[in-house]
């Protein structure tokens with residue numbers, strides 16, 4: 001007898017777990033994909049707003065016509081040179097900041113060793129600082145004489 005489940009069996013178990021916990025239960029990649037879709041659609045909305053206020057930004061960047069390329073470039077230059085305070089459309093200025101912040105947060109999430117340990121390894125938050133690395137991740141993974149794996153934090157004691 002195989003321990004592997006069919007896709008149908010796995011989906012049925014997710015439905016049961018969702019009912020049990022009274023909240024959606026899904027594989028983590030589905031949540032990650034949904035969040036990436038949300039991030040992408042925020043950028044797309046910003047791009048549409050930019051195209052509305054700076055119409056030449058919508059010109060085809062693949063065009064061989066040098067005038068079209070020049071106009072598109074000038075429109076993006078105008079948009080980028082406008083500071084947040086100088087953009088006439090308040091919605092665009094606010095939304096531009098939100099999209100920039102979301103992009104920054106997603107970059108931090110992607111790079112986070114802590115989130116990797118919490119979400120994928122099932123660890124709890126480490127609370128004891130490594131005496132050598134003092135709570136700073138080195139940017140690498142590896143061995144440390146104290147066992148922090150270069151994360152800057154010592155693993156919690158496993159309870160039997």
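The values are calculated or read from the model by the stated rules, or taken from the named source; none is laboratory data. Nothing here was measured: the structure is a model prediction, and the numbers come from that model. All Cβ positions, glycine included, derive from the backbone under ideal geometry; neighbour counts span all protein chains shown.
Quick test for you: out of 93, 58, pick the one residue that is touching a helix residue (DSSP H, G or I) at 6+ places or on another chain (Cβ under 6 Å) and over 30 Å from residue 136 (Cβ atoms).
Of the residues listed, the single one that is touching a helix residue (DSSP H, G or I) at 6+ places or on another chain (Cβ under 6 Å) and over 30 Å from residue 136 (Cβ atoms) is 58.
So which of 77, 145 ends up being at pLDDT 90 or above and either assigned by TED's automatic domain parsing to the domain that holds residue 54 or over 27 Å from the mean Cα position of the chain (by Cα) (or both)?
145
Test each condition in (1) assigned to a helix (DSSP H, G or I); (2) exposed (fewer than 12 other Cβ atoms within 10 Å of the Cβ) for residue 5 and report the one that comes out false.
Of everything listed in (1) assigned to a helix (DSSP H, G or I); (2) exposed (fewer than 12 other Cβ atoms within 10 Å of the Cβ), residue 5 misses just condition (1).
Out of (1) out of contact with any helix residue (DSSP H, G or I) (no Cβ under 6 Å at 6 or more places or on another chain); (2) closer than 30 Å to residue 122 by Cβ, the odd one out for residue 47 is which?
Evaluating residue 47 over (1) out of contact with any helix residue (DSSP H, G or I) (no Cβ under 6 Å at 6 or more places or on another chain); (2) closer than 30 Å to residue 122 by Cβ leaves (2) as the failure.
Can you tell me which residues in region 96-113 are more than 23 Å from residue 139 (Cβ to Cβ) and either touching a residue at least 40 places away in the same chain (Cβ under 8 Å) or not assigned by TED's automatic domain parsing to the domain that holds residue 79 (or both)?
96, 98, 99, 102
Just one of the numbered conditions (1) surrounded by 14 or more Cβ atoms within 10 Å (Cβ to Cβ); (2) without any contact (Cβ under 8 Å) to a residue 40 or more places away in the chain; (3) farther than 30 Å from residue 15 by Cβ; (4) not assigned by TED's automatic domain parsing to the domain that holds residue 152 is not true of residue 130; which one?
Of (1) surrounded by 14 or more Cβ atoms within 10 Å (Cβ to Cβ); (2) without any contact (Cβ under 8 Å) to a residue 40 or more places away in the chain; (3) farther than 30 Å from residue 15 by Cβ; (4) not assigned by TED's automatic domain parsing to the domain that holds residue 152, only one is false for residue 130: (4).
Identify, by number, the condition in (1) more than 20 Å from the chain's Cα centre (by Cα); (2) part of a helix (DSSP H, G or I) that residue 151 doesn't meet.
(2)
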